[in-house]
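Everything below concerns the one structure shown next.
The values are calculated or read from the model by the stated rules, or taken from the named source; none is laboratory data. Just so it is clear, the model here is predicted, and its values are computed rather than measured. Note: ideal-geometry Cβ built from the backbone for every residue, glycine included; neighbour counts use all protein chains shown. Please note that ligands, DNA and RNA were not included when accessible areas were found on the heavy atoms of the full protein model with its side chains. Shrake-Rupley method; radii C 1.70, N 1.55, O 1.52, S 1.80 Å.
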Amino acid sequence: MSSGFTLVDEPLIEYVIDQADGKEYRAGEYVFASAREIAEIRMRVFDAIKREEPNIICAACHTPAYPRKHIDTGKFHFVHVSEDGENDCPYNEKRKRVDTTRIDSMRYNGQKEGPDHKLLKNILRSSIDADPLFDPAQTREEKNWYGATDEKKWRRPDIAATRLFADDNSLRIAFEIQLSSTYLKVIAARREFYLKENALLFWVFKDASGVDPRQYQDDLFYNNNSNLFVVDEETGRFSQEHGKLIFRCCYYEPVLVGASVIDEWRERVVSFDELTFDVEHQRVYWFDYKAEKAKLLETAGKKIWEREEEELRARYEDFWNNIHLRKCKDPETEYRRLRQQLLMHDITVPERHDRELERFTQMVYSAKAGEGFLTGLKTLLELANNSYLYGKQFLWYFGRVLQHYGTWDTLLAQDKNAEQRKKMSGKKHESWKEKGKTIKQKIDANDPDFKQNRSYDKLFLLLFPEITLPE
Ligand SMILES: [Zn+2]
């Protein structure tokens with residue numbers, strides 16, 4: 001016996017609507033196990049025609065269609081009952097390889113005949129009627145909406161309504177119920193139309209539980225700021241109880257997990273007056289997903305950046321510590337790597353780890369430590385004296401760190417002890433209190449001997465993020 005009939009490879013009718021449940025089916029979703037099943041469906045179609053009952057119809061031309069076994073291949077396909085359907089059906093346009101927008105449009109309209117669609121429309125209508133923010137005289141069901149600039153262009157939204165605002169403004173809204181599949185071209189054309197009308201197209205869904213928002217990518221869901229509105233019996237009841245048009249809003253909320261942003265699915269009941277309308281982009285939303293996501297991405301970016309800076313700071317100190325302790329196995333390679341990472345943070349350091357960079361590093365780290373650090377010089381005073389002779393160009397950085405960490409006082413105290421020792425041995429002593437003043441004056445006066453090297457500002461800020469540098 002036959003082991004099942006599958007669909008022919010290029011069927012004329014690609015989709016049918018079963019009016020009994022109002023749903024659209026891809027012809028290939030049917031797999032008939034036996035010739036008898038095909039015959040049964042055929043009987044059902046012809047009986048329904050006689051009794052004028054809901055039938056299986058072609059999704060494009062909306063005339064009855066039934067499954068038939070293809071003689072050559074033994075596979076099945078749907079054919080129109082009437083010859084007119086077979087000749088005039090928009091699916092013929094596809095066969096002739098012309099634009100299929102009309103088929104999409106017809107299929108889309110075909111959905112509107114199902115019971116689900118009618119039920120949803122009734123709930124939506126009574127919910128709108130319950131809300132005094134809508135002008136009752138302007139609420140209309142399935143009436144043609146003619147283009148203001150081009151009367152030949154028109155649409156027939158499920159419900160058209162006018163929302164009134166306190167400042168005498170109003171907004172015309174076309175509500176369209178969307179049951180399952182999406183028809184991109186139809187949707188795009190509709191958006192264009194209502195945008196020209198300076199009106200808003202508002203999509204209403206049956207439920208979101210069966211909806212995988214990912215399949216709406218670049219489509220209704222994402223275009224609508226990741227908000228999706230549902231009406232059901234519960235929202236209908238809420239609308240009546242509160243005298244407001246109420247929806248269930250399903251949306252993504254971005255949340256920060258560590259340094260990455262993930263989307264979490266949320267659902268809540270919202271009333272129409274809580275929504276944001278963006279006619280220009282044909283968006284209406286309760287939760288501003290885009291703004292929130294941008295904010296979180298910025299925070300996440302900052303977190304990552306700060307974490308990297310922290311690591312860089314530690315690496316920089318490690319490098320010089322290893323140099324100081326002669327623990328560096330391959331200083332050239334290690335420095336090259338460090339330099340590369342610094343560059344990625346827009347920090348330029350010399351090509352080689354030269355004496356100047358080392359001196360800068362020893363000066364600022366020692367100033368922070370209050371003693372000689374990464375150097376053979378033991379005390380802060382020894383380092384300061386050495387710097388005064390050989391590191392004049394970095395005295396300004398040195399001073400900022402001394403000031404910030406209060407180690408300037410440590411230096412002065414050490415200096416005072418040294419002064420007393422010198423006095424006893426009769427030597428002349430220039431105090432650091434004096435030197436401090438001299439350094440400041442000479443720097444301010446642009447004395448060439450005290451010309452400051454400021455090419456390490458960025459490095460300095462990385463090493464000491466707690467210190468701000470004046471411009
Ligand atoms: Zn057809």
Self-check item: First in the stretch 69-85 and more than 14 Å from PRO11 (Cβ to Cβ), second anywhere and modelled with pLDDT of 90 or more and open to solvent by less than 80 Å² (accessible area, probe 1.4 Å), Cβ under 6 Å, 6 or more apart
Solution: VAL81/PRO64
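Which of the following residues is more than 25 Å from ARG156 (Cα to Cα) and in contact with a Gly (Cβ under 8 Å, 6 or more places away or on another chain): VAL81, VAL31, VAL8, VAL45? Talk me through it step by step, then tell me what you get.
Working: VAL81 fails: in contact with a Gly (Cβ under 8 Å, 6 or more places away or on another chain); VAL8 fails: in contact with a Gly (Cβ under 8 Å, 6 or more places away or on another chain); VAL45 fails: in contact with a Gly (Cβ under 8 Å, 6 or more places away or on another chain).
Result of the check over VAL81, VAL31, VAL8, VAL45: VAL31.
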Quiz prompt | Residue check, ASP150 over 31 Å from the mean Cα position of the chain (by Cα) and at pLDDT below 80 | solution = yes
Quiz item: Cβ-Cβ below 9 Å, separation at least six or inter-chain, first residue in the stretch 47-64 and part of a loop (DSSP other than H, G, I, E, B), second among the small types (Gly, Ala, Ser) and away from the ligand (no atom under 16 Å from the Cβ): which pairs?
Solution: GLU53/ALA20; PRO54/ALA20; PRO54/GLY22; PRO54/ALA48; PRO54/GLY114; ASN55/ALA20; ASN55/ALA48
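For the condition touching a residue at least 60 places away in the same chain (Cβ under 8 Å) and in contact with a helix residue (DSSP H, G or I) (Cβ under 9 Å, 6 or more places away or on another chain), what is the one hit in THR379, THR348, THR375? Outline the logic, then answer.
Working: THR379 fails: touching a residue at least 60 places away in the same chain (Cβ under 8 Å); THR375 fails: touching a residue at least 60 places away in the same chain (Cβ under 8 Å).
Just a single option satisfies the conditions, and that option is THR348.
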Quiz item: Scanning the stretch 410-436 for residues that are open to solvent by 80 Å² or more (accessible area, probe 1.4 Å) and under 20 Å from ASN386 (Cβ atoms), which turns out farthest from the chain's Cα centre (by Cα)?
Solution: LYS427
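For the stretch 398-436, which positions are in a helix (DSSP H, G or I), of a type in the set (D, E, K, R) and farther than 27 Å from LEU461 by Cβ?
Narrowing the stretch 398-436 to residues in a helix (DSSP H, G or I): 398-405, 407-425, 432-436.
Checking which are of a type in the set (D, E, K, R) leaves us with 400, 409, 415-416, 419, 421-423, 433-435.
If the condition is that a residue be in a helix (DSSP H, G or I), of a type in the set (D, E, K, R) and farther than 27 Å from LEU461 by Cβ, then ASP415, LYS416, GLU419, ARG421, LYS422, LYS423, LYS433, GLU434 are the ones that fit.
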Practice problem: For the stretch 1-27, enumerate the residues that are within 16 Å of the ligand (Cβ to nearest atom) and either part of a helix (DSSP H, G or I) or free of Cβ contacts under 8 Å to residues at least 40 places away in the same chain (or both). | Solution: GLU10, ASP18, TYR25, ARG26, ALA27
Quiz item: Which condition number in (1) more than 18 Å from LEU7 (Cβ to Cβ); (2) crowded, with 19+ Cβ neighbours inside 10 Å; (3) within 44 Å of the chain's Cα centre (by Cα) is the one that CYS58 fails?
Solution: (1)
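Among the residues in the stretch 263-271, are any surrounded by 17 or more Cβ atoms within 10 Å (Cβ to Cβ), within 30 Å of THR162 (Cβ to Cβ) and either out of contact with any Lys or Arg (no Cβ under 6 Å at 6 or more places or on another chain) or of a type in the set (Ser, Thr, Tyr) (or both)? Spell out how you get there, then give the answer.
First pass over the stretch 263-271, keeping only residues surrounded by 17 or more Cβ atoms within 10 Å (Cβ to Cβ): 270-271.
Adding the requirement that they be within 30 Å of THR162 (Cβ to Cβ) leaves 270-271.
Those left that are additionally either out of contact with any Lys or Arg (no Cβ under 6 Å at 6 or more places or on another chain) or of a type in the set (Ser, Thr, Tyr) (or both): 270-271.
Scanning the stretch 263-271, I find at least one residue that is surrounded by 17 or more Cβ atoms within 10 Å (Cβ to Cβ), within 30 Å of THR162 (Cβ to Cβ) and either out of contact with any Lys or Arg (no Cβ under 6 Å at 6 or more places or on another chain) or of a type in the set (Ser, Thr, Tyr) (or both), so the answer is yes.
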Quiz item: Of all residues in the stretch 40-55, how many are open to solvent by less than 40 Å² (accessible area, probe 1.4 Å) and away from the ligand (no atom under 16 Å from the Cβ)?
Solution: 2
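Does VAL31 qualify as being open to solvent by 40 Å² or more (accessible area, probe 1.4 Å), within 13 Å of the ligand (Cβ to nearest atom) and not assigned by TED's automatic domain parsing to the domain that holds ARG190? Lay out the reasoning, then the answer.
Numbers: open to solvent by 40 Å² or more (accessible area, probe 1.4 Å): yes; within 13 Å of the ligand (Cβ to nearest atom): no; not assigned by TED's automatic domain parsing to the domain that holds ARG190: yes.
Judged against the criteria, VAL31 is not a match.
Among the residues of the stretch 250-285, count how many are outside any strand (DSSP E or B), in contact with a helix residue (DSSP H, G or I) (Cβ under 9 Å, 6 or more places away or on another chain) and within 26 Å of LYS196 (Cβ to Cβ).
Start the filter on the stretch 250-285 by keeping residues that are outside any strand (DSSP E or B), which leaves 258-259, 272-275, 279-282.
Filter once more, keeping what is in contact with a helix residue (DSSP H, G or I) (Cβ under 9 Å, 6 or more places away or on another chain): 258-259, 272, 279-282.
Next, from what is left, pick out any that are within 26 Å of LYS196 (Cβ to Cβ): 272, 279-282.
Adding up the residues that qualify gives 5.
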Practice problem: Considering only the stretch 323-397, give the helices (runs of 4 or more DSSP H) lying wholly within it that have at least 2 residues that are open to solvent by 50 Å² or more (accessible area, probe 1.4 Å) and farther than 30 Å from GLY436 by Cβ. | Solution: 331-344
Quiz item: Out of (1) within 11 Å of the ligand (Cβ to nearest atom); (2) assigned by TED's automatic domain parsing to the domain that holds LYS206, what's the single condition that is false for LYS94?
Solution: (2)
Quiz item: Does THR73 satisfy being within 11 Å of the ligand (Cβ to nearest atom) and surrounded by fewer than 20 Cβ atoms within 10 Å (Cβ to Cβ)?
Solution: no
